[in-house]
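Engineer: There's a structure below that I have some questions on.
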Amino acid sequence: MEDSKPAGKLSTFLDSGVYRFEDSTAVFIDPVRVLNRSYTRFRVAPSAYYSRSFKSKIQEPRVCSNSRKRMRKEKKPQTLNDRERAADQRHQEARPFLLKAHKSLLRSTELLEVVSNLRDDFDNSASSPGTTQSLVELGRVWQAPLYEITLNSQSHDNASEDGGSPVMEYCKQRAVPVFNNLVINETSEDVEAELLGSRYILPPESSFYMSDLGQIHNLIPESDCGFNLIVVDPPWENGSARQKLRYSTLPNRYFLSLPIKQLCHTNGALVALWVTNREKLRGFVEKELFPAWGVEYAATFFWLKVKADGSLIGDLDLFHHRPYECLLLGLCPGKATDDNSRSKTIPDNQIMLSIPGDYSRKPPVARFLQEYSPGLQRSRCVELFAREMTAGCVSWGNEPLHFQESGNFTRG
């Protein structure tokens, strides 16, 4: 009888991709399972999502500790400047919550056994994405307004002529401009799309608007039906990002012009902003960015990154390379003053643990944040600077199809 609760929680995790620890406010997330809850005919392939994980031999998990024995001589501690001291203070305040969450994971032996095999789950017959065409470069050429994406939709007949099971067939192809245009999959099923010889998978009830920053104003709704959940993952200036040449970055001042207030629903919106651990950036967000957006800070969530054996991807106390990222949550008030516009209590210092995917790819958080967004029972969500699509959301950026290439999927 003692194993009934863990078995039940594990069964829930296998279905939902979310494991909630009883002794902490933390959850472990398998992004692949979370994403696949929305797809109908295709599945995100674990081998593609975890392409840079599971490469080393699984070792016994290690609990991070205050002190660590080193083979080499300890370096003399350096004097911290004001920003570094402020950053260290933030880290020390978050550290107990991070440690508790990590220990909860290491105690969950049944979960760890499943986690060590996440990359091998399901049918891993997906083809390698390989070198895909650069949508960013494609959008810069003079022919960009002429490029179209073809959506292949399916329909269900009520029944076959002999009264048997429903017949499924491609009913139509629809070609629409791919740049500076809202491309919508209004159906409740996945849609295969084609662009210049490449195939992409669009999740149900999703849409994307692929453009540069100068066209974001086209997302502003004409009526009061804006968004009550806004997730933002800016391409912050970052030496590591430039070194890896993964994507283009922008100076901080560019993000001040994002029309967050105009995108908000009349009942207000929950704004979730991904940030790095640089203190200069945190100061910019608190003193300039949130005030410019009309957003009031509410809470901080942490994404703690772990390996397949449950250990952290790096030393928790390594100053310039923390094994976690922060998700700052804020509330943007709307015009309405009824009960639907009242803000909901958002717990602080929530921890999300997961094995990271490709470089800079964030775990899908929209589902977890919906319960805190004001107003509608079903959130209207927009993701800014998106590099993948989410069911039920509008994805905006200059490469929202980056992870939608068909080589990242298998047929369900």
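Engineer: Can you pull out the residues in region 362-382 that are under 17 Å from residue 226 (Cα atoms) and either open to solvent by 30 Å² or more (accessible area, probe 1.4 Å) or more than 14 Å from the chain's Cα centre (by Cα) (or both)?
Structural biologist: The answer is 370, 372, 373, 374, 375, 376, 377, 378, 379, 380.
Engineer: Among (1) outside any loop (DSSP other than H, G, I, E, B); (2) at pLDDT 70 or above; (3) polar (S, T, N, Q), where does residue 155 come up short?
Structural biologist: So residue 155 meets the others, but not (2).
Engineer: The conditions are (1) closer than 30 Å to residue 116 by Cα; (2) modelled with pLDDT under 95, and residue 380 fails exactly one of them. Which is it?
Structural biologist: (1)
Engineer: Quick one: count up the residues across region 185-205 that are open to solvent by less than 20 Å² (accessible area, probe 1.4 Å) and within 19 Å of residue 390 (Cα to Cα). Spell out how you get there, then give the answer.
Structural biologist: Taking region 185-205 as the starting set, the residues that turn out to be open to solvent by less than 20 Å² (accessible area, probe 1.4 Å) are 185, 190-193, 195, 200-204.
Applying the additional criterion that residues be within 19 Å of residue 390 (Cα to Cα) yields 185, 190-193, 200-204.
Count: 10.
Conditions (1) open to solvent by 90 Å² or more (accessible area, probe 1.4 Å); (2) modelled with pLDDT under 90; (3) over 17 Å from residue 304 (Cα atoms), marked per residue:
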residue	(1), (2), (3)
19	no, no, no
30	no, no, no
38	no, no, yes
57	yes, yes, yes
60	yes, yes, yes
73	yes, yes, yes
76	yes, yes, yes
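Engineer: If you don't mind, there's one more thing I want to ask. Is it true that residue 289 is open to solvent by less than 10 Å² (accessible area, probe 1.4 Å) and not small (Gly, Ala, Ser)?
Structural biologist: yes
Engineer: So, residue 333, is that one at pLDDT below 95 and surrounded by 14 or more Cβ atoms within 10 Å (Cβ to Cβ) or not?
Structural biologist: Against the criterion (at pLDDT below 95 and surrounded by 14 or more Cβ atoms within 10 Å (Cβ to Cβ)), residue 333 qualifies.
Engineer: Answer with yes or no whether residue 270 is within 30 Å of residue 117 (Cα to Cα) and touching a residue at least 60 places away in the same chain (Cβ under 8 Å).
Structural biologist: So residue 270 fails the test.
Engineer: Hey, could you check region 292-308 for residues that are open to solvent by less than 20 Å² (accessible area, probe 1.4 Å) and either within 22 Å of residue 98 (Cα to Cα) or in a strand (DSSP E or B) (or both) and say which is modelled with the lowest pLDDT?
Structural biologist: For region 292-308, the residue satisfying everything is 308.
Engineer: Related question: Please enumerate the residues belonging to region 225-249 that are under 20 Å from the mean Cα position of the chain (by Cα), at pLDDT below 90 and either open to solvent by less than 50 Å² (accessible area, probe 1.4 Å) or on the phi > 0 side of the Ramachandran plot (or both).
Structural biologist: Listed by number, the residues that qualify are 238, 240, 241, 249.
Engineer: Right, another one. For region 80-115, give me each residue that is of a type outside the set (D, E, K, R), free of Cβ contacts under 8 Å to residues at least 24 places away in the same chain and either part of a helix (DSSP H, G or I) or open to solvent by 90 Å² or more (accessible area, probe 1.4 Å) (or both). Write out each step before concluding.
Structural biologist: Looking only at region 80-115, we keep the residues that are of a type outside the set (D, E, K, R), and these are 80-81, 86-87, 89, 91-92, 94, 96-99, 101-102, 104-106, 108-109, 111-112, 114-115.
Next, only the ones that are free of Cβ contacts under 8 Å to residues at least 24 places away in the same chain stay: 80-81, 89, 92, 96, 109.
The answer is 89, 92, 96, 109.
Engineer: Report every pair of residues separated by at least 6 positions or lying on different chains whose Cβ atoms are under 7 Å apart, first residue within region 168-184 and hydrophobic (A, V, I, L, M, F, W, C) and open to solvent by less than 70 Å² (accessible area, probe 1.4 Å), second modelled with pLDDT of 90 or more and assigned to a loop (DSSP other than H, G, I, E, B).
Structural biologist: Between residues of region 168-184 that are hydrophobic (A, V, I, L, M, F, W, C) and open to solvent by less than 70 Å² (accessible area, probe 1.4 Å) and residues that are modelled with pLDDT of 90 or more and assigned to a loop (DSSP other than H, G, I, E, B), the close pairs are 178/147; 179/147; 179/211.
Engineer: Something else: Go through region 342-357 and give me each residue that's open to solvent by less than 40 Å² (accessible area, probe 1.4 Å) and part of a loop (DSSP other than H, G, I, E, B).
Structural biologist: 346, 349, 355, 356, 357, listed by residue number.
The values are calculated or read from the model by the stated rules, or taken from the named source; none is laboratory data. These numbers come from a predicted model, not from an experiment. Neighbour counts run over all protein chains shown; Cβ positions are idealised from the backbone, glycine included. Please note that ligands, DNA and RNA were not included when accessible areas were found on the heavy atoms of the full protein model with its side chains. Shrake-Rupley method; radii C 1.70, N 1.55, O 1.52, S 1.80 Å.
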